[in-house]
Amino acid sequence: MDLFFESCAKFGPRPAFRCYGTVLTYTDIALQSKRFAYFLQHDCGLKPGDRAAIMLPNILQYPICLFGILRAGMIAVNVNPLYTARELEHQLNDSGAKA
């Protein structure tokens with residue numbers, strides 16, 4: 001995570017991600033991922049070491065969720081959005097995801 005924080009500080013106003021005409025800067029990613037980490041810890045009651053699943057395609061919310069989970073000291077479990085209900089149930093049970 002040190003590299004993430006260093007990059008956000010060094011490249012703050014520069015574009016980090018672009019999607020469908022919207023740009024997120026490094027500062028945006030740092031701020032939004034911090035807010036998401038807070039939400040996971042305080043509103044969802046998750047703890048460091050817990051597993052949180054991300055079921056998103058390649059959109060701007062993905063890096064916010066990923067870095068938020070990592071900032072909170074949790075483990076990210078990537079889930080394919082095209083999974084069937086049976087496949088999703090198996091992956092979530094197998095991974096031990098709490099959220």
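The values are calculated or read from the model by the stated rules, or taken from the named source; none is laboratory data. Predicted model, so just to flag it, every value in this text is computed and none were measured. For the accessible areas, the whole protein counts, side chains as well, though only heavy atoms, and no ligand, DNA or RNA atoms are used. Shrake-Rupley method; radii C 1.70, N 1.55, O 1.52, S 1.80 Å.
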- Query: Carbon and sulfur: what percent of the chain's accessible surface (1.4 Å probe)?
  - Reply: 55
- Could you tell me the distance between the Cα centroids of the range 43-86 and the range 14-31, to the nearest Å? 19
- Item | Residue-normalised accessible area of the chain, expressed per residue, 1.4 Å probe, Å² | 66
- Message: Amide H of Phe17 versus every other amide H placed in the peptide plane: which residues, excluding those fewer than 5 positions away on the same chain, fall under 5 Å?
- Response: Leu24
- Message: Please compute the contact order of the chain in relative form: average sequence separation of alpha-carbon pairs under 8 Å and at least six residues apart, divided by the residue count, as a percent.
- Response: 26
- So how exposed is Arg71, as accessible area in Å² (1.4 Å probe, rounded to 10)? 70
- Message: Can you tell me the length gained on complete extension of the stretch Arg18 to Tyr83, counting 0.36 nm per residue apart and subtracting the Cα distance?
- Response: 20.8 nm
- Query: What is the extension gain from Ala76 to Phe11, computed as 0.36 nm multiplied by their sequence separation minus the C-alpha to C-alpha distance, in nm to one decimal?
  - Reply: 20.9 nm
